[in-house]
1. What number of residues within region 105-119 satisfy the criterion of being under 32 Å from the mean Cα position of the chain (by Cα) and either over 20 Å from residue 42 (Cα atoms) or in a loop (DSSP other than H, G, I, E, B) (or both)?
2. Show the residue pairs meeting these rules: Cβ distance below 8 Å; 6+ apart or different chains; first residue within region 87-115 and in contact (Cβ under 8 Å) with a residue 12 or more places away in the chain and closer than 30 Å to residue 49 by Cα; second residue of a type in the set (Ser, Thr, Tyr) and exposed (fewer than 12 other Cβ atoms within 10 Å of the Cβ).
3. Looking for something at pLDDT 85 or above and hydroxyl-bearing (Ser, Thr, Tyr) - is there at least one such residue anywhere in region 104-123?
4. Quick check on region 120-141: of everything there that is touching a residue at least 60 places away in the same chain (Cβ under 8 Å) and outside any loop (DSSP other than H, G, I, E, B), which residue is farthest from residue 35 (Cα to Cα)?
5. When the residues of region 61-103 are filtered to those that are aliphatic (A, V, I, L, M) and assigned to a loop (DSSP other than H, G, I, E, B), which remaining residue is nearest to the chain's Cα centre (by Cα)?
6. For region 29-53, give me each residue that is surrounded by 18 or more Cβ atoms within 10 Å (Cβ to Cβ), more than 11 Å from the chain's Cα centre (by Cα) and among the aliphatic types (A, V, I, L, M).
Amino acid sequence: MNNYLKFFVFLILFVGCAKTNPYDTVLVEGTVRLDGVPATEVNINFTPIGNNGNSAGGLTNSSGKYQLTTGSAPVGSGAIPDEYNVTFSKIEIEGSNLTFEEYQKQFGNRSPKTIDIVPKKYGNPSTSGISPVKVERGKKNIFDFDLSTK
């Protein structure tokens, strides 16, 4: 195979396999705290109030930090500029730290009970008390949130 053909095949494979962002997003990041402590593994969702129709979401890390992702765009690529309602959720399954045998011994065959780590009110924009946020092009879109279990 001559060098031009090798280069052409490489170029086709490289371009075809590259992760692209099909959305025109901007970086959105911030920190979520629950009762003043960084909230780990909390789902955060930005739902558009405008017409773009594309939600963005993320998961907080051990420091409570998150970066949003829209649809099939690369992780952390952000959100489409718009105004968004923001919701949060984190649930755990009662006894999830048990082995299967320990769980059956303690709970039998009943369906697992879920525990809301982040109060349910934060999962609904009309009860959360969280004001909508505006994601804008050309600005630092850093949104920090302080949630409470009280």
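The values are calculated or read from the model by the stated rules, or taken from the named source; none is laboratory data. As the structure is a computational prediction, the values presented were derived from the model and not from experiment. Cβ atoms come from the backbone with ideal geometry, glycine included; neighbour counts cover every protein chain shown.
1. The number of residues fulfilling the criteria is 8.
2. 91/114; 92/114
3. yes
4. For region 120-141, the residue satisfying everything is 135.
5. It comes out as 68.
6. 32, 34, 39 - these are the residues of region 29-53 that are surrounded by 18 or more Cβ atoms within 10 Å (Cβ to Cβ), more than 11 Å from the chain's Cα centre (by Cα) and among the aliphatic types (A, V, I, L, M).
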